[in-house]
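Just so it is clear, none of the values below were taken in a lab; they were calculated from the coordinates. It should be emphasised that the depicted structure is a prediction, and the values quoted were computed from it without experimental measurement. So basically every Cβ, Gly included, is an ideal-geometry build from the backbone, and we count neighbours across all protein chains shown.
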Ligand code: BG6
């Protein structure tokens with residue numbers, strides 16, 4: 001069977017050997033195994049801390065948590081009662097079925113609507129659907145946000161939100177280079193003494209020191225590469241990208257981070273997180289990303 005469902009998890013299996021696991025909790029993809037064209041043996045492409053909680057008691061430290069409707073600490077009045085990164089990653093989503101199952105890929109959909117628990121902290125009417133598609137060498141995630149308000153009052157009941165795919169890409173952090181980010185403006189969250197935006201000067205961005213950068217007007221096409229491998233990430237309608245690796249400096253203070261975990265991943269997170277995206281009543285917004293295993297011969301020139 002290409003899709004297996006248990007009480008709390010969905011497993012996708014592609015006929016060519018790739019696989020993915022998605023927890024209903026947070027719609028968190030916790031495993032993506034895929035090979036490249038040269039090494040057909042699929043291997044794990046995401047990092048999940050061995051100390052992560054997978055029982056729904058805490059957002060998962062790893063995989064691909066879904067950040068919605070706020071990124072970081074809430075900064076919009078509609079989000080004032082939410083916690084860091086919002087509730088998307090910490091609510092139980094509903095299984096909505098298989099939407100594609102053929103040679104090209106296997107695709108499933110999860111949904112989330114306001115529950116009494118969500119409504120107690122967030123008053124907007126919304127419907128989220130999250131489509132995860134597994135292909136032989138690729139994984140795509142699509143987040144659809146619908147404003148389901150039927151109010152005709154003025155001003156309209158607009159949803160203002162942020163959204164992001166918090167990808168923990170399994171990688172040797174000391175050897176990783178991310179490009180192309182040169183000349184982009186970015187907020188450096190590690191430098192609390194500096195309030196403005198800095199300009200990226202590096203052709204390839206490394207994460208050998210504590211890094212927490214939010215890039216503006218990002219190209220939505222990235223490569224995370226290291227000697228012998230890499231992952232390409234493409235996104236749609238996600239104008240920002242976050243690069244985060246806490247290194248020992250900040251990583252050793254994260255309770256659910258395994259020892260030295262920061263050496264084994266880099267977070268490359270496409271999102272709409274500087275400012276707020278807006279959706280009018282009845283309208284839908286879609287943010288998408290595609291992660292692909294890079295073949296060495298296809299690496300971009302720096
Ligand atoms: C990143 C943020 O996206 O997530 C960082 O830019 C943050 O500032 C990191 O520390 C992890 O967040 P959390 O809430 O999962 O510990």
Packing-based order for 137-150, 106-119, using average beta carbon neighbours within 10 Å, highest first: 137-150, 106-119
Whole-angstrom Cα spans of the chain along principal axes, big to small: 57, 54, 34
Approximate shape of region 176-302 as ellipsoid semi-axes (Cα gyration tensor, √5λ), whole Å, largest first: 24, 20, 16
All-pairs Cα distance distribution in region 151-193, expressed in whole percent, bin size 10 Å: 15, 28, 29, 15, 11, 2
Alpha carbon centroid spacing (whole Å) that separates region 72-104 from region 177-227: 25 Å
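What is the packing order of peptides 221-227, 257-263, taking the mean over residues of other C-beta atoms within 10 Å and listing the highest first? Could the numbers behind the result be given before it?
Working: 221-227: 19.0, 257-263: 17.4.
Ranked from most to least packed, the peptides come out as 221-227, 257-263.
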Sites residue 96 and residue 249 - FRET efficiency at Förster radius 35 Å, r taken between beta-carbons, to 0.05: 0.25
Value of [θ]222 nm, deg cm²/dmol, for the chain, DSSP H segments ≥ 4, -39500 (n - 2.57) each, nearest 500: -500 deg cm²/dmol
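Residue 182 to residue 16: FRET efficiency via 1/(1 + (r/R0)^6), r the Cβ-Cβ distance, R0 51 Å, to the nearest 0.05?
Approximately 0.90, to the nearest 0.05.
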Over region 124-243, equivalent-ellipsoid semi-axes from the Cα gyration tensor in Å: 31, 21, 11
Cα pair distances of region 1-105 binned at 5 Å [whole percent]: 2, 12, 19, 19, 18, 13, 9, 5, 2, 1, 0
Cα-based Kirkwood hydrodynamic radius, region 195-250, one decimal, Å: 12.8 Å
For region 102-152, average projected area of the Cα convex hull in nm²: 4.8 nm²
